[in-house]
1. Collect the residues in the range 25-49 that are within 16 Å of ligand 2 (Cβ to nearest atom) and farther than 25 Å from Phe189 by Cα, keeping them in residue-number order.
2. Please note which helices (runs of 4 or more DSSP H) are completely contained in the range 306-400 and include at least 3 residues that are more than 27 Å from the chain's Cα centre (by Cα) and not assigned by TED's automatic domain parsing to the domain that holds Thr60.
3. Looking at the range 131-151 only, could you name the residues that are within 16 Å of ligand 1 (Cβ to nearest atom), of a type in the set (Val, Ile, Thr) and touching a residue at least 60 places away in the same chain (Cβ under 8 Å)?
4. Can you give me the number of residues within the range 64-88 that are surrounded by fewer than 18 Cβ atoms within 10 Å (Cβ to Cβ) and part of a strand (DSSP E or B)?
5. Report yes if Leu35 is of a type in the set (A, V, I, L, M), over 30 Å from His135 (Cβ atoms), modelled with pLDDT of 95 or more and within 23 Å of the chain's Cα centre (by Cα), otherwise no.
6. Being of a type in the set (A, V, I, L, M), assigned to a helix (DSSP H, G or I) and more than 16 Å from ligand 1 (Cβ to nearest atom) narrows it down to one residue among Ala4, Ala41, Ala49, Ala18; which is it?
7. Here is a list: Leu220, Leu256. Which entry is more than 16 Å from ligand 2 (Cβ to nearest atom) and in a helix (DSSP H, G or I)?
8. Select from the range 134-167 the residues that are within 26 Å of Thr188 (Cβ to Cβ) and either among the β-branched types (Val, Ile, Thr) or touching a Phe, Trp or Tyr at 6+ places or on another chain (Cβ under 7 Å) (or both) and list them in ascending order.
Amino acid sequence: MGLAPFAPDNTIFKNETALRDSYRPDELLERDEELAAYQSALRPVINGAQPKNIFLYGETGVGKTLATRMVLDRLRQDQADYDHLDLHTVNLVCKSMGSSYQVAVNLVNEFRDPHEEINSTGHPASDVYNKLWTHLEELNATHCLIVLDEIDAIGSDDNLLYELPRANDNGNVESTWVGVIGISNDFTFRESLSARVTDSLCDEEIHFPPYDANQLRKILTQRSQDAFRDDVLSGDVIPLCAAQTAQKYGSARQALKRLYKAGDLARDEGADEVTEDHIRQADDLVERDKVQSELSKLPTQAKIALYGLLMLDDDGKTPAKRSKIYERYSIAAKQLGADVVSDRTIHDNLSQLTLKGFLDVNEQNEGPNGGSYYEYEFSIRPDLARDVLRHDGRTGDLWE
Ligand SMILES: Nc1ncnc2c1ncn2[C@@H]1O[C@H](COP(=O)(O)OP(=O)(O)O)[C@@H](O)[C@H]1O
Ligand SMILES: [Mg+2]
């Protein structure tokens with residue numbers, strides 16, 4: 001059989017774009033407290049005063065980016081009614097920018113025409129900062145709010161997060177009030193910031209907690225009204241999707257992905273209804289994709305450590321102590337001719353894997369006089385880890 005013809009279909013979806021991440025729903029649901037805190041933190045702007053710097057954090061898919069777009073749109077609209085205000089906003093997604101320098105270069109370019117943009121290498125850092133101050137100084141606005149989304153990408157190189165929020169206080173910019181809104185998906189990023197950065201960036205901190213099943217249900221219902229034709233979602237599809245996702249992530253993004261996938265599966269089958277079974281399959285497929293793409297990005301040493309745990313799991317020996325994992329890890333590393341790193345390094349790797357949600361860790365106590373130790377096990381399905389490690393250019397050799 002060759003290619004089937006492409007033809008529009010309209011049994012399942014009314015507007016599938018509504019299930020995409022970038023679709024803008026009319027309302028941010030279940031986030032009243034966070035929105036109130038956000039608006040309150042921005043109130044100085046509408047009074048013509050110096051803005052506060054705001055730090056927003058929470059896991060991915062909990063509405064941080066959407067809330068920011070909505071709040072800033074509203075602020076832009078409302079300030080237009082006041083003659084003494086002229087608000088400029090800049091929105092930069094820092095995802096692939098690994099340093100303060102790169103973020104600064106990209107910010108400078110936000111103020112320039114395409115043919116005047118500067119390169120991302122070759123300028124002394126102080127030049128880049130000076131260009132940025134000049135742009136802000138010469139901006140014909142009373143306020144400039146700079147959103148740095150996914151700012152955790154800059155890691156420990158956080159100098160810009162000291163300089164920018166202090167641009168007014170340090171006298172680098174005098175004729176425009178500058179406010180920074182930093183958004184982070186990474187919980188540990190806040191702790192890793194130096195004290196001077198925390199002091200300047202975090203005038204106000206707003207936490208976006210994960211959604212529970214009820215909240216996800218409302219969010220999915222809202223989107224499905226735009227996305228699906230009437231009555232194609234069978235009764236328990238949304239509650240099931242919400243419950244499954246809430247258990248693992250509390251992320252609206254993950255829930256929407258699953259619902260979209262389930263609709264796709266129904267369409268591919270030529271079904272006229274999306275069923276619970278479609279959601280179950282979708283959950284499996286989306287989970288597999290997510291885990292596999294994240295696992296395959298891990299450094300080789302972490303993959304070998306994971307292999308050690310996989311072997312223990314095969315032997316029914318999980319949860320396993322770190323020392324046992326290290327034993328298996330060492331054997332595998334030698335077998336591959338890779339460096340055998342220290343027990344301490346493997347411990348760090350295991351902590352990272354736990355943070356990323358691949359492993360669960362439990363603390364065990366060794367009786368009244370003994371100390372305590374940690375035991376690890378998979379929190380993902382071990383067969384997903386096996387698939388990735390087996391097809392990996394490096395760890396694949398362990399199966400030869
Ligand atoms: N409270 C909410 N109400 C409606 N849709 C939401 C809500 N929170 C998140 N979403 C949707 O979920 C997806 C992820 O939200 P986003 O703001 O990008 O998350 P984050 O920036 O925290 O990773 C988007 O498609 C967004 O429209
Ligand atoms: Mg975001």
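The values are calculated or read from the model by the stated rules, or taken from the named source; none is laboratory data. None of these values were measured; they are calculated from a predicted model. Counting neighbours? That spans all protein chains shown, and the Cβs are built from the backbone with ideal geometry, glycine included.
1. Pro25, Leu28
2. 322-336
3. Val147, the sole residue that qualifies.
4. Qualifying residue count, the range 64-88: 1.
5. Answer is yes for this residue.
6. It is Ala41.
7. Of the residues listed, the single one that is more than 16 Å from ligand 2 (Cβ to nearest atom) and in a helix (DSSP H, G or I) is Leu220.
8. Within the range 134-167, Ile146, Val147, Ile151, Asp152, Ile154, Glu163 meet the criteria.
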